Amino acid sequence: MLKVTDLKRQFQSGDTIVNAVNGIDLTIPDGQFVSIIGQSGSGKTSLLSLLGALDKPSSGSIEVDGRDITKMNGGELNQYRAKTIGFVFQSYNLVPNLTALENVMLPMEFLGKPKRDRIERAKNLLHEVGLNDGEVLRKPGSLSGGQQQRVAIARALANHPKYILADEPTGNLDSQTGKKIFNLLHDLSLKEKTTIIVVTHDLAIAGKTNKSFRIKDGRVVNSTDRSKT
Ligand SMILES: Nc1ncnc2c1ncn2[C@@H]1O[C@H](COP(=O)(O)OP(=O)(O)OP(=O)(O)O)[C@@H](O)[C@H]1O
Ligand SMILES: [Mg+2]
């Protein structure tokens, strides 16, 4: 379970202080598919960065199964990022000079998996997300946006993370492709028992998740729970 308590992140911007995350409380049970919605500048990316330990909060706590990640040391945080979290970004963030296969193998290198196992897991994941044998050997530049996002999802799943954090994962895709990518993410999360937290502007997408949190000015102003209906 993920439990966020009174989380705050301030940024200094010239003379002014921006309260990007301004006292957020959230509880997300395991295996749920959760969306975070809110206008541009409301603090969605800032929140996701804190959950993924890409950034440190000004105050508050983020407990993952009872362990507060805001109190972890550098080594523990590296382990957390590598093993517990998989990130999917709007702009895919693949390494351009590596093939799709090598991109998916990369996170497994940090955990010291033998090369044969890395190749096998990466191939299986890429096949699962719908790339064929030829496509897995291509570099991101020669793949379509939808295919690149499939590779990014496979990469995020490589180390069997407990959480997938996805920031506008369908934002660069046409609505048809976006829908497919979204369904893929959902199916894989069920299969791999991953909790998904997705930031989206797309209310149709948000409507399909178990739970939505609406964020405004760095605070949760509304939450909708669909898991019990
Ligand atoms: N590194 C930073 N330095 C200063 N201000 C920042 C920084 N990062 C974010 N902010 C500010 O914090 C607020 C929240 O930004 P954030 O990127 O979290 O919004 P968002 O909800 O993800 O918006 P969008 O939908 O446009 O991606 C904004 O006012 C933004 O300008
Ligand atoms: Mg954002």
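Helices in the chain that qualify as membrane-span-like (whole DSSP H runs, Cα extent of at least 24 Å along the helix axis, mean Kyte-Doolittle hydropathy of -1.0 or higher) are 175-192. Average projection, convex hull of the Cα set of segment 152-229: 5.8 square nanometres. Fewest-first ordering of Met1, Met72 by other beta carbons within 10 Å of each residue's beta carbon gives Met1, Met72. Candidates Leu143, Ile215, Leu126 compared by Cα position along the dipole of the chain: farthest toward the positive end lies Leu126, with charges placed on Cβ. Cross-link reach is defined here as a Cα-Cα straight distance under 17 Å, omitting same-chain residues fewer than 8 places apart; for Lys180 the aspartates and glutamates meeting it are Glu128, Asp167, Glu168, Asp202. Here the relative contact order of segment 30-118, from alpha carbon pairs under 8 Å that lie six or more residues apart, stands at 16 percent. Of the beta bridges in the chain, as assigned by DSSP with both residues counted there, near 55 percent are antiparallel. If the chain linking Ile17 and Ser175 were pulled fully straight, counting 0.36 nm for each residue of separation and taking away their Cα-Cα distance, it would gain 53.2 nm. Close amide-amide hydrogen proximity is noted between Ile36 and Val198, Val199, Thr200, Phe213, each under 5 Å apart and 5 or more residues distant or on a separate chain (H modeled in the peptide plane; Pro and chain starts excluded).
Divided by 2.2 N^0.38 Å, where N counts the residues, the Cα radius of gyration of segment 136-183 comes to 1.17. Rounded to the nearest 20, the size of the Cβ-charge dipole of the chain about its Cα centre is 280 debye, with Lys and Arg at +1 and Asp and Glu at -1. Here the Kirkwood formula puts the hydrodynamic radius of segment 2-222 at 17.9 Å, using every distinct Cα pair. Note: segment 104-188, Cα convex hull, 97 Å³ per residue. The modelled label-to-label distance for the pair Thr5/Thr224, using points 7 Å beyond Cα in the direction of Cβ, is 3.0 nm. Helical runs (DSSP H, four residues minimum) scored at -39500 (n - 2.57) apiece and divided by the length of the chain put the mean residue ellipticity at 222 nm at -9500 deg cm²/dmol. Inter-part distance, segment 41-61 to segment 120-199, computed on C-alpha centroids, equals 23 Å. Looking at segment 94-229 alone, DSSP beta bridges between its own residues are antiparallel in about 55 percent of cases.
When every Cα-Cα distance of segment 2-47 is counted in 5 angstrom steps from zero, the calculated P(r) takes the values 6, 17, 24, 25, 16, 7, 3, 2, 0 percent.
Fewest-first ordering of Asp167, Asp174 by other beta carbons within 10 Å of each residue's beta carbon gives Asp174, Asp167. Over the chain, calculate the relative contact order: mean separation of alpha carbon pairs under 8 Å at least 6 apart, over the residue count, as a percent. 28 percent.
Since every read-out is calculated from the coordinates, none of them should be taken as a lab result. These numbers come from a predicted model, not from an experiment. Methodologically, a virtual Cβ is constructed for each residue, glycine included, from the backbone with ideal geometry; neighbour enumeration extends over all protein chains shown.
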